[in-house]
Amino acid sequence: MNESASGGLTGWTPGLFDDPTGSRKGARIELAPDAYLLPGLASAEAAELFEAIGVVAAQSDFRHLVTPGGHRMSVAMTNCGSVGWTTNERGYVYSPNDPATGRPWPSIPPAFEALGRRATDLAGFAPLSANACVVNRYEPGSRLTLHQDKDEQDLTQPIVSVSLGLPAVFLLGGFERSAPTVRRKLEHGDVVVWGGASRLRFHGVLPIESGSHPLCGPYRYNLTFRAAR
Ligand code: MD6
Ligand code: FE
């Protein structure tokens, strides 16, 4: 894959939105240097992951955060781990307690940790020591505008991102918000590992289309495992 000076991506791979032969599974697709899609890596354990999301949400429920700029996010969010990503008047922070309950965030379910290690291994990174997991829930129309994940303390560690439920179109950009983006469809069970030279790329999610998923109903869920502190 070639990269332009602005960090924009060229040479996008064909066959983006179709997989007539089912050959995606088990593959490792380079989206950018040090950013890999592992199609279907989480498919087999999806039900277990979905159940674990329910356990997390029973302790710290999904909520729509308000950005420091005063905008209510269309994505509903919760966390598990020793810290969770949230907002306050000063900006975005990793906090040991859930501000909604005043209690620590739920712990990271063992199924999440095992998947995180499997994913970093397959992508050729050192095993991720995740201490935070952001759980996003998208309803139809929910989107995530272009952003960088840069609030984590250890930017040498990658992020592992797991997609469940309704499909999404993921936008991958460069190192400035204005750099060109490319699109990639993420399906139920897909995992993206994202680090090294791509760790600070801008990225986002287009508005989710209506639908119903056999396991997750009218939602898309996304888990991101991080070394936050
Ligand atoms: C999502 N994901 O797919 C949002 N961030 O719902 C992210 O924002 C993300 O997928 C960093 C690395 C991978 C990601
Ligand atoms: Fe992100």
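The values are calculated or read from the model by the stated rules, or taken from the named source; none is laboratory data. Quick caveat: nothing in here was measured; it's all calculated off a predicted structure. Because the Cβ atoms are built from the backbone with ideal geometry, glycine has one as well, and the counts that use them run over all protein chains shown. Surface areas here come from the heavy atoms of the whole protein model, side chains and all, with no ligands, DNA or RNA. Shrake-Rupley method; radii C 1.70, N 1.55, O 1.52, S 1.80 Å.
Which of Val135, Val66, Val160 moves the most in a Gaussian network model of the chain with Cα springs under 10 Å?
Comparing Val135, Val66, Val160 in the GNM, the peak value goes to Val66.
Can you give me the relative contact order of the chain as a percent, contacts being Cα pairs under 8 Å and 6 or more apart?
Computed over the chain, the figure is 26 percent.
Compute the whole-percent fraction of alpha carbon pairs in the chain spaced more than 33 Å apart.
On the way: 2509 of 26106 pairs.
Roughly 10 percent, once rounded to a whole number.
Suppose R0 equals 22 Å. What FRET efficiency, 1/(1 + (r/R0)^6) with r the Cβ-Cβ distance, do Arg143 and Glu176 give to the nearest 0.05? All intermediate terms of the calculation are to be shown ahead of the outcome.
Working: r = 20 Å, r/R0 = 0.91.
Computed FRET efficiency for Arg143 and Glu176: 0.65.
Given a 1.4 angstrom probe, I'd like the percentage of the accessible area of segment 38-115 that is carbon and sulfur, rounded to a whole number.
Roughly 55 percent of what the probe reaches on segment 38-115 is carbon or sulfur.
If you roll a 1.4 angstrom probe over the protein chains with everything in place, what fraction of the accessible area of segment 120-229 belongs to carbon and sulfur, to the nearest %? Don't skip to the answer; put the middle values down first.
Working: 2180 of 4360 Å².
C and S fraction of accessible area: 50 percent.
Please work out the average accessible area per residue across segment 177-229, using the 1.4 Å probe convention, and give it in Å². Kindly include the intermediate steps, with their values, before the conclusion.
Values: 2080 Å² over 53 residues.
Computed with neighbouring chains in place, this is 39 Å² per residue.
For Val66 and Arg117 in the same chain, what is the full-extension length gain: residue separation times 0.36 nm, less their Cα-Cα distance, in nm? Please report the intermediate quantities before stating the final value.
Working: separation 51, 0.36 × 51 = 18.36 nm, distance 3.19 nm.
Full extension from Val66 to Arg117 adds 15.2 nm.
Counting each pair of different Cα atoms once, what's the Kirkwood radius of segment 135-222 in Å, rounded to one decimal?
That comes to 13.5 Å for segment 135-222.
For segment 115-156, what percent of Cα pairs sit more than 11 Å apart? Display every interim value, and only then the final one.
Numbers: 657 of 861 pairs.
The proportion of pairs with Cα distances above 11 Å equals 76 percent.
Once the mean 1/r over all distinct Cα pairs of segment 181-220 is inverted, what Kirkwood radius in angstroms do you read off?
Mean inverse Cα-Cα distance, inverted, gives 12.6 Å.
Relative contact order for segment 89-186 using alpha-carbon pairs under 8 Å, separation at least 6, rounded to a whole percent? Mind dumping the intermediate values first?
Details: 60 pairs, mean separation 18.1, N = 98.
Taking the mean separation of contacting Cα pairs over the length of segment 89-186, I get 18 percent.
Could you tell me which residue out of Leu206, Leu223, His188 lies farthest along the dipole of segment 187-229 toward its positive end? Charges go on the beta carbon: Lys and Arg +1, Asp and Glu -1, centred on the Cα centre.
Toward the positive end, the furthest listed residue is Leu223.
Given a 1.4 Å probe and heavy atoms of the protein chains only, how would you sort Lys150, Lys185, largest accessible area at the top?
Lys150, Lys185
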